[in-house]
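Engineer: This is the structure I have questions about; it appears just below.
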Amino acid sequence: MTELLLTLISTALINNLVLHWPLGVDPLLGAERDKVHALGIATTCLMLVVGVLGYSLYHWLLVPLELTSLRLFVFLPLSVLLIGPLLKLLSQALPKLPFDRLWPLLLGNAGVLGLALITAQDDQGLFHATALSLGAGLGFWLVLSLFSDLRQRTIDNDVPLPFRGLPIDLIGAGLIAVVFLGFSGLIKT
């Protein structure tokens, strides 16, 4: 149980998919301020479902049939086909959050596909894949919230003309990544 908790915390803070491996950066830049939490919840749920189903399909279907080279062709349609039903279910469960028009941001999130490939490659069990998927989703949501707040602060401040827009956003993302490097000594293995 302790190992699962450490995996969850490590994936969310230390080995963050967005900051440690640059996967899923595109939704950070495209997210609107009012949809940050809806996108965070939707991405966390999608990462959890795709990570667990991807692990199960890989280890219980592709490995016994010796079709492991087809994992990309299984994981990509899996993640794409789950977006619509997931958004519909979330909009019914949480009607106050704006889940409309999140489909392109979830479709373009390379972190979901990267997570499915990482959980398939890592053979430590289904519970470990679940903790890894949940930690990756929560870490994405945390970085998305921090980045949205940072973006709002840069909009309100006087930023020099050459740095306005995407350059200051990328500098801010780099600074957040440096801050998250401070967590690297948190968990010793």
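The values are calculated or read from the model by the stated rules, or taken from the named source; none is laboratory data. Just so we're clear, the structure is a prediction, and the values are computed from it rather than from any experiment. Virtual Cβ from ideal backbone geometry, glycine too; neighbours counted across all protein chains shown.
Engineer: If you go through the range 122-138 one residue at a time, do you hit one that is under 24 Å from F75 (Cα atoms), at pLDDT below 85 and surrounded by fewer than 18 Cβ atoms within 10 Å (Cβ to Cβ)?
Structural biologist: yes
Engineer: Separate question: For L6, which of the numbered conditions (1) assigned to a helix (DSSP H, G or I); (2) of a type in the set (A, V, I, L, M); (3) surrounded by fewer than 19 Cβ atoms within 10 Å (Cβ to Cβ); (4) at pLDDT 85 or above fails to hold?
Structural biologist: (4)
Engineer: In the set G172, G137, which member is closer than 22 Å to A38 by Cβ and in contact with a Ser or Thr (Cβ under 6 Å, 6 or more places away or on another chain)?
Structural biologist: After applying the criteria, what remains is G137.
Engineer: Which residues, taken from the range 154-173, are surrounded by 11 or more Cβ atoms within 10 Å (Cβ to Cβ), in a helix (DSSP H, G or I) and of a type outside the set (A, V, I, L, M)?
Structural biologist: T154, F163, P167, D169, G172
Engineer: Whether any residue in the range 104-113 is modelled with pLDDT under 85, surrounded by 14 or more Cβ atoms within 10 Å (Cβ to Cβ) and outside any helix (DSSP H, G or I) is what I want to check.
Structural biologist: yes
Engineer: Yes or no: the range 50-57 includes at least one residue that is touching a Phe, Trp or Tyr at 6+ places or on another chain (Cβ under 6 Å) and under 18 Å from A116 (Cα atoms).
Structural biologist: So far as the range 50-57 goes, yes, one or more of its residues are touching a Phe, Trp or Tyr at 6+ places or on another chain (Cβ under 6 Å) and under 18 Å from A116 (Cα atoms).
Engineer: All but one of (1) surrounded by fewer than 20 Cβ atoms within 10 Å (Cβ to Cβ); (2) over 14 Å from S133 (Cβ atoms) hold for P27; state the number of the condition that does not hold.
Structural biologist: (1)
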